[in-house]
Amino acid sequence: MTYLICDNYAAFNMIDFLEGNHDLGGQWLTAGGTPMNGVYDPATMSSGLFVYAIDNVSGFNAVFTTMFVDERITPNAGISSSLIVCNGAPAFNLFNQIPGNPMSGGFWFRPNGTPFNGVFNPAVDPAGNYRYVVTANAPCQDAESIITISFSNTDPSGISNQIEVCTSQPAFDMTSELNGFPINGGTWTNQQG
């Protein structure tokens, strides 16, 4: 028999999933004949053939049954996030904006649920939730992430400002000293090199 599992399943006793009526007290073996305890742990094991043998019943020959554990990979669609896009920005690939190392080859959907090629063009595409779905092989479930896009008419880096500070002044966040509405998460560079 074949037992399909996902790689995020908890460890389990294989005997609980053998088909038919089976006696307890047998010995589990790997395909290579190495004895094992009959517990399959997806975190430390991989797909393979296992043998359950009963050779301790007086007057009977040894009997065997096999189980193939087929471990499927749980898909990763990355982590949902939000993105502020400036009006007039060039088109860009949304896949590159998904954090969490998503798997490629998934499918994109617009805010209205229609299929989308994944290239966001601020000139024609609306703001909203863009959904990325990576399909799974049964029995695993599909994975999805959402990028929520909104538009901004202001520069996300804020407006330049000049301030005077004293050498005795404690450290401070320079972003809070910018004018406008700067977005956190940018990178500061020293123009003096």
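The values are calculated or read from the model by the stated rules, or taken from the named source; none is laboratory data. Note that the coordinates shown come from a computational prediction; the quantities given were computed from them, not determined experimentally. Heads up, the Cβs are rebuilt from the backbone with ideal geometry, glycines too, and the neighbour counts pull from every protein chain shown. To get the accessible areas, we keep the full protein, side chains included, count just its heavy atoms, and leave off ligands, DNA and RNA. Shrake-Rupley method; radii C 1.70, N 1.55, O 1.52, S 1.80 Å.
Sort out which residues of region 59-82 are within 22 Å of N129 (Cβ to Cβ) and open to solvent by 40 Å² or more (accessible area, probe 1.4 Å), and write them in order of number. Spell out the reasoning first.
Step one: filter region 59-82 for residues within 22 Å of N129 (Cβ to Cβ), giving 75-82.
Once the filter is applied, which keeps residues that are within 22 Å of N129 (Cβ to Cβ) and open to solvent by 40 Å² or more (accessible area, probe 1.4 Å), region 59-82 yields N76, I79, S80, S82.
Tell me yes or no: at least one residue of region 37-45 is among the small types (G, A, S), outside any loop (DSSP other than H, G, I, E, B) and at pLDDT below 95.
Within region 37-45, not a single residue is among the small types (G, A, S), outside any loop (DSSP other than H, G, I, E, B) and at pLDDT below 95.
Would you check which residues across region 16-35 are at pLDDT 90 or above and within 14 Å of I54 (Cα to Cα) and list them?
Q27, W28, L29, P35
Give me a count of the residues in region 23-46 that are among the hydroxyl-bearing types (S, T, Y), within 30 Å of Q141 (Cα to Cα) and surrounded by fewer than 16 Cβ atoms within 10 Å (Cβ to Cβ).
So the count comes out to 3.
Based on what the data block shows, is S150 of a type in the set (S, T, N, Q) and either touching a Leu at 6+ places or on another chain (Cβ under 8 Å) or surrounded by 12 or more Cβ atoms within 10 Å (Cβ to Cβ) (or both)? So that I can check it myself, show each step before the final result.
Details: of a type in the set (S, T, N, Q): yes; either touching a Leu at 6+ places or on another chain (Cβ under 8 Å) or surrounded by 12 or more Cβ atoms within 10 Å (Cβ to Cβ) (or both): yes.
Taking the combined requirement at face value, the residue satisfies it.
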